[in-house]
Each structure stands twice: as C-alpha cells, then as structure tokens.
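Student: Let me give you the structure first, and then I'll get to my questions.
A short reminder: the numbers here are calculations on the coordinates, not readings from a lab. Only a predicted model underlies this, so the values are computations on that prediction, with no experimental measurement involved. Don't worry about glycine lacking a Cβ; one is built from the backbone with ideal geometry, like all the others, and counts go over all protein chains shown.
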Amino acid sequence: MPRPLVMGGVVVTDVPTAIALYEPRALPIEAWQEVAPFARKAVTDFGPISPWAAVQHLGPVARLCVWALEQGLPLDVETLFTPDRVEHFVAVGLPELKDSSRRTHRSQLTAVGRAITRRAP
C-alpha cells in the first residue's frame with residue numbers, strides 16, 4: 001500500500017484535493033500565486049492517476065510557468081509544452097538541479113505536453 005500523501009496536515013486521497021492544496025517549496029509565493037491557476041488547470045487536464053502523480057507533475061509545471069513569465073512568454077499550453085520549449089527550459093531554466101533531476105523534469109513536462117496539447121508529439 002502506498003504511503004499516504006499529507007498536505008497541510010490533511011491526508012489527501014484524491015487528485016482534485018491534491019491539486020487544490022499544492023504549494024511549491026522551490027518558488028516564491030508571489031510567483032506561484034501568479035501561475036497557480038494555469039498550472040493547476042494544466043495538471044488537471046493532464047489527468048494524473050493519483051494524488052502523488054498530481055504533486056509530482058505540479059512542481060515541474062509550476063517552475064516552467066514561472067520561468068516562462070520571466071522570459072516574457074504567455075501562459076499558453078501550445079506555447080509552453082512544445083518539445084523544443086521544454087528542452088530549452090530544462091537546459092537553461094534549472095541550473096541548480098542535478099542532471100538526473102533535470103531528466104525527471106523533462107520527462108514529466110513531456111508527459112503533460114503530450115496529454116494537453118495538439119502539437120506536442
């Protein structure tokens with residue numbers, strides 16, 4: 001049996017609650033608040049199979065969104081989740097992460113892109 005997901009002292013057993021309660025640790029709260037509605041919708045549309053999967057994908061999606069705004073890019077799924085954009089973000093937007101973590105982010109963002117865009121292969 002998987003370990004329970006606890007968020008804000010609440011045991012989370014469903015995906016919508018995990019998405020609603022998610023707050024990233026690696027981003028300033030002001031930046032998160034600006035991208036939260038878009039990031040939450042993107043992950044909801046992705047359709048994670050568990051609360052853990054929702055949380056695991058929300059982190060990279062949130063980071064991509066904040067980076068995109070810093071680059072002057074619109075929060076638009078067809079703009080952000082292309083393979084080229086994801087690759088560029090992973091290469092330049094995550095300098096503090098180890099290679100293995102960047103690969104994980106790439107994989108998670110690619111999965112989201114394939115599920116929610118018309119253009120991402």
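Student: Got a sec? Charge dipole of region 5-116, +1 on Cβ for Lys and Arg, -1 for Asp and Glu; which of W52, W32, L94 is way out at the positive end?
Tutor: Of the options given, the answer is W52.
Student: Output the peptides 98-108, 32-42, 50-60 sorted from most to least packed, where packing is the average of other Cβ atoms within 10 Å over each peptide's residues.
Tutor: Values: 98-108: 14.4, 32-42: 18.5, 50-60: 20.5.
The densest-packed peptide leads the list: 50-60, 32-42, 98-108.
Student: For a test of the definition: using alpha carbon positions, the gyration tensor, and the 1.5 limit on a/c, classify region 23-87 as rounded, prolate or oblate. Don't skip to the answer; put the middle values down first.
Tutor: Numbers: a/c = 1.82, a/b = 1.18, b/c = 1.55.
Judged from the Cα gyration tensor, region 23-87 comes out oblate (a/c at least 1.5, b/c at or above a/b).
Student: Taking amide hydrogens as modeled 1.01 Å from N in the peptide plane, which residues meet the under 5 Å criterion relative to M7, leaving out close sequence neighbours?
Tutor: V12
Student: How far, in degrees from 0 to 90, does helix 51-70 lean away from the longest principal axis of the Cα atoms of the chain, to the nearest 10?
Tutor: 30 degrees
Student: Continuing with the same structure: To two decimal places, what compactness ratio does the chain give when its Cα radius of gyration is scaled by 2.2 N^0.38 Å? Before the final figure, lay out each step's value.
Tutor: Numbers: Rg = 13.8 Å, N = 121, 2.2 N^0.38 = 13.6 Å.
Compactness ratio reported: 1.01.
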